[in-house]
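A.B. asks: There's a structure below that I have some questions on.
The values are calculated or read from the model by the stated rules, or taken from the named source; none is laboratory data. Here the structure is a predicted model, which means the values were calculated and not measured. Glycine also receives a Cβ, built like all others from the backbone with ideal geometry; neighbour counts cover every protein chain displayed. Note: areas computed on protein heavy atoms with side chains; ligands, DNA, RNA excluded. Shrake-Rupley method; radii C 1.70, N 1.55, O 1.52, S 1.80 Å.
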Amino acid sequence: MDGIVELQRQLIDYTASLFHEGFLDEQFNQLQQLEDENNPGFVVEVVTLFFEDADRLLNELTKALGQPSVDFKSLDAHVHQLKGSSSSIGAHRIHRVCISFRNSCEEQNVEGCLKNLQQVKHEYSLVKDRLETLFRMEQQILNAGGSVRR
Amino acid sequence: MGTNCRHVFDRLHNFATCWKKRSTPTGRRIFHRDVEKEEFQYASTQCLSSYYSVFVVRLAIMAMLAILIGLLTFLTWHFTKIYTTKSLNSLAYDLRYELLQRPILRMWNILNSTSEITTAQVKLSQYVIRSHTNLATHADQVEMYDAMRAVTWALFASKRALNSITVKYKNGFVQAFHRDLKDNNTFYIYSDLANYSMAAGGYNEINSLSPHEAWNDKDIHGNKSAIWYREPLDPVSGEKTGKVMPIAPEDSINIAGLSQVPDGVASWHVAVSKFTDSPLLSAALPVWDSSNKSIVAVVGVTTALYSVGQLMKELVELHSGHMYLTSREGYLLATSTNAPLLSNSTKPPKLKMAVDCENEVIREGAQWLQKTYGNNSPQSHEVHVENVKLGHQQYYIDSFFLNLKRLPLVGVIIIPRKHIMGQADERAFKTLVILISASLCIIVIGCVCILILTNGVSKEMKLRAELISHLEARRKAEASSNYKSQFLANMSHELRTPMAAVIGLLDILISDDHLTNEQCATVTQIRKCSTALLRLLNNILDLSKVESGKLILEDAEFDLGRELEGLVDMFSVQCINHNVETVLDLSDDMPKLVRGDSARVVQIFANLINNSIKFTISGHIILRGWCENPNSCSDDTNFPLEQKKSRCSQKTKAKQHENNAKRISNRDNKMKLWFEVDDTGCGIDPSKWESVFESFEQADPSTTRLHGGTGLGLCIVRTLVNKMGGEIKVVKKEGPGTLMRLYLRLSAPVDTTEQHCQEDFANKGLVVLLALHGNMGRLVTSKWLQKNGVVTMEASEWNGLTQTLRVLFHARSSAHHNGFDGNYSIHDNLKSKLLSIQELRNPVFVIAVDIGLLDLSTDIWKEQLNFLHKYFGRAKFVWILNHDSSNTIKMELCKKGHTLTVNKPFYKTKMIHILEAIIKERNDELQKKNMTTPRATLKEGDLHESLEIDYTQCDVASSDGSDISEVGGSNPVSVKLSQSSLNSNDVTTNAIPKSSSTKQTSFATGAQGEDSESSEARRASSSSRAVSGKKSLEGLRILLAEDTPVIQRVATIMLEKMGATVVAVGDGQQAVDALNGMSGVEDCRRESLLKERNTRSSQPEILSYPPYDLILMDCQMPKMDGYEATKAIRKSEVGTDMHIPIVALTAHAMSCDEAKCLEVGMDAYLTKPIDFKLMESTILSLTRRTS
């Protein structure tokens, strides 16, 4: 039982650190609030959706920026989508980078776009890592028979 | 001059280019305001240079003028002078020539005549001598000499100018006539004849071939030894007049001898005689004998040159100047002066050189000539020189050469320049001076003119420069203002998000079951404050909106009275803390429902009241409102309120109805609604009455420190009021404080004007005792009651209340005994009221007691309560509670059965509801009496509940006035609920039994103006709230068009949590497809929905229909974006009366996007990330409106 309490404490600390470091914002909280007995695993589902979506978008972006002549319009649309979905799960840092990415797109600045793409990828891998860790911890708690307090 | 010209030209050229450059932007500026900004930059840099160029141009023009005028002057002067001088010179030359010619001619004459005389003498002598060839005797010789003398005399006498004629014979005899010109004596000089005895020998000698030596020797010797005689003669007749005087030979005159005619031809020379001071011209000619071989005599003639000098003098006298004649060698022959021509120092006298002349001018002239030409004088000696400086004057010097044979002469004339050119020079000088001064004047005047003329230009330049700088400043200001607006918009947007979270969390907290009342009240208060804060943020956003002209007023029906009541409710809380009374005083003729933008109207008053509260420390704040009837003839603008009210009170009810009826007929006309916000604060200085409405303007800058505030409130108010076709101003008021008066033009909706038919309270036997603390509120309420025919009494404090109660009831009881007790001193006014009460049949007493009248600080209030309880049976008590009244009091009241409670502030509507409830209860009572049912205390509660329900029900009706049937339908339900919750002791909890329908109302109004929901929110029942909050969207079908799977999922779950059924599609095209084919079942859906709502039961079978209550539309989607989809949907709706609410979902947070969304036909606007609460309230407000 102590182990579970310890794990729960760790989870809370970890979540707090994620918020503190700006990986997540309140939208994630809202997301967590939406999860209830009617739709269990909602957060995981949504985040997984996000991961799929983001993977696809990042591929698209990489491809688009690899072209000799960059289609900024479609680039912008992709970034916009990424921005929307990241803000919906509360991935705050990706959201922020997306904003500057869009600015670069508007300026038609290929250099900036590439830089931002790298940044987005970086942030995305970070967030993905963090969230997977978070879910793993939650899973551990659940497996141990504890409950994840929301 | 050339470089100067070029310089000037360069300047002009520069200026011209400058001007061109400058004029180009000027021209463009007018037509292309877009490029203005760039041009400004350019123009402002040009500004300084153009400034300089004006200066340069000015200088250039001046210089040009100066040069021009200078040239003109010079030319004028030059030409006048040159021509004058030229003509004068030629004239002067002629004159000089002429002048000189005359003495020379004279000279010539003299010479001529001398030679003629000489020749004549010679001829005559030859004749006489030849006729006397045989001089045998001495007598013959004498005869011949006499003849000679006679002939010679004749000649001498004929020429008066002759100085002398001499005849010297071969034998040495001399005969001579001499004329002394000085003393006009004439002498005959002859040698002693006795000495010349060898006359014959003389003949011989004469005949000899070589007589010369003998002649000469004898002559010399003979002469030396000879004795000469001088015989004065009568100058005319030649008679001897005086004694013969012997004189030394050649003493008086020169006798021309043989030596002077060495070669036997005539000789000329200028001689000098001892006796005259003028040179003499002498000519000598030999007399030949008949054979022409030997000279028998020598004739000599001398002529004085004196007459030439005389002539010169005369000429010079006439013309001034000097003349002289010299021989070629330079000896002076004649001068125009009296200076001696001979040097006296030497003996014998000799001729003077011209350079030695005593006359200065002549000397200097001669010296100058000599210096200039030296000895090699020019050919022919002719010299014409002008402007020779001699001494300190200038002269003309001309010389002429007269080439006489053996006697060449040089004539020199020296004329002072002044004489000839004097006038001309003077004139020329004067002309020059005048011209120069004139031109200077012209230049000065011209420069002044140029200055004046260009001053205009430079002024214009300055103005233009100023204008440019102003425009620049304005542009900057506008830019900064834009930045400000942008910043404010962004900031307020950013700030609103956390505020929304705060409010949402508070809502959750309010809906918590476990809160105590106190906590609930506090949380409600926090929520209110949060809403106020949110409103402030909205204010800022509004201002930026208004400033950019983007504010669009909504046009929807709303209950003006209720909105204002809500407002006063809210502010009263603040005011009570301040010890300030908030009073709402709306006249009865105000329309209940009006069309307009309720949120903005509320905002106006919220700002005004807020302002008043800020500056009012004690006293009251009154919000008055009345309607200016478009049919009434007079303008009420300047009517004092009292007058207006009295006028109103005179109106009968019938008339009011009539007016209402008229108003309906004129419903298209917008009504002019007047409002006043009157406070007793510190007031505004009259000079600031206008400026307080400016942005960021406060009446007193120090107020920011004291009261805070941004100075935006009144600015927004004025903008909004103006936008609603009204005006606002500060009006002078008596006493301290501020009175803001404004009017709004709002249109009353068509069919609801008569909805609020309040009951007629007159003749119902109502007696109201108002025991209220606040003076103004009491006054206003009692006035209204009296106007409506209700007998009213007032008491302001506890003692007054007890006294009035005693009087009232004791008097009543004593009235049954036909008279008053004298125990109580009763006021006349009270007396008359008592009398009127007595007349009432079966009066109902209503006593409204302010809880503040009780002494709450100690426990006395319980006794006071007990005292009042004595009258419980006889009168209905209405308790007016403070928002912070403690629960113990409330419980105590409840225990005693005092269930009629209202919260402060106390205003008309509450009064009406109370009275209506009481009347209704009485009617029930009467019915029950008829049914002989005993009265129970439970009835009290029932009454109370029905009152409250009435009140809330009225809210529902007012916010959705058309839905009357629903009101009726829901009424019994509410009553049932309230009765079921009656067992609970908590009054406030009891007070509001919230059905889900009222909850929805509160949300609906919340969307319009969040403050208006406060009254409900305060009384929100926690349990019902919790239930309704969770499933607020129960039964709604929502179509979600969103391409991003994450958001789609999140939104779906959110909506489902709220109880809605969600159909999610991936793009706009699918959304449009999903809607197609549903129009047929639309009506069916509406009915079923209505039914569902009324019965409050979830009926899933109805929901199997495909219609949607609402669409959530993402703006950016593949295939068909949200805007296109909305357009398509709206297009398909044309012709039907359907209108599916579409809510935009967008990540763009700017207001322009909102405008775009609304433009394509969307109804509302949500930003991502989706806020749970905001989405809920938005959806509710939209679905509520359409159903």
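A.B. asks: Please tell me if B:THR80 is open to solvent by 60 Å² or more (accessible area, probe 1.4 Å) and of a type in the set (S, T, N, Q). Outline the logic, then answer.
C.D. replies: Details: open to solvent by 60 Å² or more (accessible area, probe 1.4 Å): yes; of a type in the set (S, T, N, Q): yes.
It is true that B:THR80 is open to solvent by 60 Å² or more (accessible area, probe 1.4 Å) and of a type in the set (S, T, N, Q).
A.B. asks: If you don't mind, there's one more thing I want to ask. Residue check: is A:ILE94 touching a residue at least 12 places away in the same chain (Cβ under 8 Å), part of a helix (DSSP H, G or I) and open to solvent by less than 10 Å² (accessible area, probe 1.4 Å)? Steps first, please.
C.D. replies: Numbers: touching a residue at least 12 places away in the same chain (Cβ under 8 Å): yes; part of a helix (DSSP H, G or I): yes; open to solvent by less than 10 Å² (accessible area, probe 1.4 Å): yes.
The answer is yes for A:ILE94.
A.B. asks: Quick one: would you say B:LEU453 is closer than 30 Å to B:VAL56 by Cβ and at pLDDT 85 or above? Break it down stepwise before answering.
C.D. replies: Values: closer than 30 Å to B:VAL56 by Cβ: yes; at pLDDT 85 or above: no.
No: the conditions fail for B:LEU453.
A.B. asks: List the pairs whose first member sits in region B:139-165 and is in the same structural domain as B:ALA283 (by the TED database) and at negative phi, whose second member is surrounded by fewer than 21 Cβ atoms within 10 Å (Cβ to Cβ) and among the charged types (D, E, K, R), and whose Cβ atoms are under 9 Å apart, counting only residues at least 6 apart or on separate chains?
C.D. replies: B:LYS159/B:GLU116; B:ASN163/B:ASP180; B:ILE165/B:LYS159
A.B. asks: So which residues in region B:1037-1065 are part of a loop (DSSP other than H, G, I, E, B) and either within 12 Å of chain A (Cβ to nearest Cβ) or modelled with pLDDT under 80 (or both)?
C.D. replies: Kept after step one, since they are part of a loop (DSSP other than H, G, I, E, B), are these residues of region B:1037-1065: B:1042-1044, B:1058-1060.
Those that are part of a loop (DSSP other than H, G, I, E, B) and either within 12 Å of chain A (Cβ to nearest Cβ) or modelled with pLDDT under 80 (or both): B:GLU1042, B:ASP1043, B:THR1044, B:MET1058, B:GLY1059.
A.B. asks: Counting just the residues of region B:90-119 that are over 19 Å from B:LEU311 (Cβ atoms) and not assigned by the TED database to the domain that holds B:LEU325, which one comes out most open to solvent (accessible area, probe 1.4 Å)?
C.D. replies: Out of the qualifying residues, it is B:LEU91.
A.B. asks: Tell me, yes or no, whether region A:61-81 has at least one residue that is closer than 17 Å to A:ARG130 by Cα, more than 13 Å from chain B (Cβ to nearest Cβ) and either among the acidic types (Asp, Glu) or crowded, with 19+ Cβ neighbours inside 10 Å (or both). Talk me through it step by step, then tell me what you get.
C.D. replies: Narrowing region A:61-81 to residues closer than 17 Å to A:ARG130 by Cα: none.
No, that holds for no residue.
A.B. asks: On the basis of being among the acidic types (Asp, Glu) and at pLDDT 80 or above, does B:GLU494 make the cut? Step through it out loud before you land on a result.
C.D. replies: Details: among the acidic types (Asp, Glu): yes; at pLDDT 80 or above: no.
The answer is no for B:GLU494.
A.B. asks: Further, regarding this structure: Take A:GLU123 and tell me if it is open to solvent by less than 40 Å² (accessible area, probe 1.4 Å), within 20 Å of the chain's Cα centre (by Cα) and of a type in the set (Asp, Glu). Even if it seems obvious, please write down each step before you answer.
C.D. replies: Numbers: open to solvent by less than 40 Å² (accessible area, probe 1.4 Å): yes; within 20 Å of the chain's Cα centre (by Cα): yes; of a type in the set (Asp, Glu): yes.
When the stated conditions are applied, A:GLU123 passes them.
A.B. asks: Within region A:15-60, restricting attention to residues that are open to solvent by less than 10 Å² (accessible area, probe 1.4 Å), within 14 Å of another protein chain (Cβ to nearest Cβ) and of a type in the set (Phe, Trp, Tyr), which residue is nearest to A:ASN116 (Cα to Cα)?
C.D. replies: A:PHE50
A.B. asks: Does region B:140-165 hold any residues that are surrounded by 21 or more Cβ atoms within 10 Å (Cβ to Cβ), at pLDDT below 80 and outside any helix (DSSP H, G or I), and which are they?
C.D. replies: B:LEU162, B:ASN163, listed by residue number.
A.B. asks: For residues that are open to solvent by less than 30 Å² (accessible area, probe 1.4 Å) and not in a strand (DSSP E or B), tally how many sit in region B:785-806. So that I can check it myself, show each step before the final result.
C.D. replies: Of region B:785-806, the ones open to solvent by less than 30 Å² (accessible area, probe 1.4 Å) are B:785, B:788, B:790-793, B:795, B:800-802, B:804-805.
Subsequent filtering for residues that are not in a strand (DSSP E or B) retains B:785, B:788, B:790, B:800-802, B:804-805.
Final tally of qualifying residues: 8.
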